[in-house]
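A quick write-up on the structure given underneath.
What follows is calculated from the coordinates using simple rules that are stated; it is not laboratory data. Being a predicted model, the structure only gives us computed values, none of them experimental. Counting neighbours? That spans all protein chains shown, and the Cβs are built from the backbone with ideal geometry, glycine included.
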Amino acid sequence: MAGWISLHRKLMDNPIYSNAHMLKLWIHCLMKASHKEHDHLVGNQMVKLEVGQFVTGRNALADEFNKGAKKDDVVSAITLWRWLKNFEEWQMLNIKTTTKYSVVTVSNWSEHQQHEQQVNNKRTTDEQQVNTNNNVNKGNKENKREDDKPAPMNPFIFFEQEGFGTISSFTGDILNDLIDDFGEAKVMEAMKETRMNGSNSLNYTKKILTNPKPKRDGGASNVGTYKQSDPRHDERQSRISEANERRKRIAGI
C-alpha cells in the first residue's frame with residue numbers, strides 16, 4: 001500500500017492520544033481505509049469498498065497490528081476488537097459485520113483527509129502539466145531537428161537551385177517524363193553533368209540520358225561530329241599513291 005495520510009492536531013485532544021496502543025490502532029484504521037472506490041476480493045466474494053472503508057476481521061486485525069512488535073507490546077485480538085468497538089461507540093468509525101468479514105467505515109473520512117485529497121489532486125494536476133510540458137518540449141525539439149534537416153534534393157528543387165531557371169508547367173512536364181523514363185537518380189546525375197558542362201538546358205540533360213556519349217560542348221548539338229585526321233595515316237596513304245604511280249610508268253600506262 002502506497003501513499004500517505006493526514007493527521008490533524010486536534011487528535012491530541014482525543015483521549016486515545018494518551019494510550020499508545022489505542023493511538024496506534026486508530027492510525028492503523030486511517031492507513032487501511034481506502035482513498036478511492038474499488039473492489040476488494042474476500043475469499044471468493046467481491047466486496048465493493050467506498051472511500052474511507054476497509055475490510056478486516058478479528059484475527060486479521062491482530063496479525064496486522066502486532067506484526068514486528070516485541071512480545072511485551074503484543075495486544076490480543078479480543079482487546080483490539082474491544083477497542084475497535086469503543087471507537088464505534090465514540091462515533092469515530094462504523095463496523096458492519098458479516099459471518100466472514102467486517103467492513104469498517106471511518107467516520108468523516110473526507111474531513112480527516114481533505115488536505116490529503118487536495119494535495120493529491122494538485123499533485124496529479126501538476127504532474128499532468130509537467131508531462132504535458134515535457135511532451136511539448138520533446139515535440140518542439142523533434143520538430144526543430146526536422147526543420148534543421150535540409151530538404152531532400154530532387155530534380156525539381158535542383159532545377160531551381162542550380163540555375164536551370166524557374167519551373168513552369170512545360171518544364172515540369174518534361175522533368176516528369178524524364179523521371180518516368182529514367183528514374184529520379186539518373187535524372188539528377190544527368191542534370192549535375194549538364195551544369196558541370198556549363199549548360200542549363202533540359203534538352204542537353206535529355207541527350208545525356210538518351211546518348212551514352214553525347215558531345216559535351218555546353219549544349220551544342222552532337223549531330224555531324226567531325227573526325228580529326230591522323231598524320232600517320234595520311235603519310236601511309238601518300239606512300240601508297242607514289243608506289244602506284246611508279247608501277248604505272250614502268251608498265252607504260
Could you sort out which of K10/K100; K24/K48; K32/K70; K48/K71; K36/K70 sit more than 31 Å apart by Cα distance in this structure?
K10/K100; K48/K71; K36/K70
With viscosity set to 0.890 mPa s at 25 °C, what whole-number translational diffusion coefficient in µm²/s follows for the range 1-89 from Stokes-Einstein and a Kirkwood radius over Cα pairs?
170
Short to long, in 10 Å steps from zero, the percent of alpha-carbon pairs of the range 154-213 per bin is 24, 65, 11
Within the under-12-Å Cβ sphere about W81, not counting W81, Lys/Arg +1 and Asp/Glu -1 give a net charge of +2
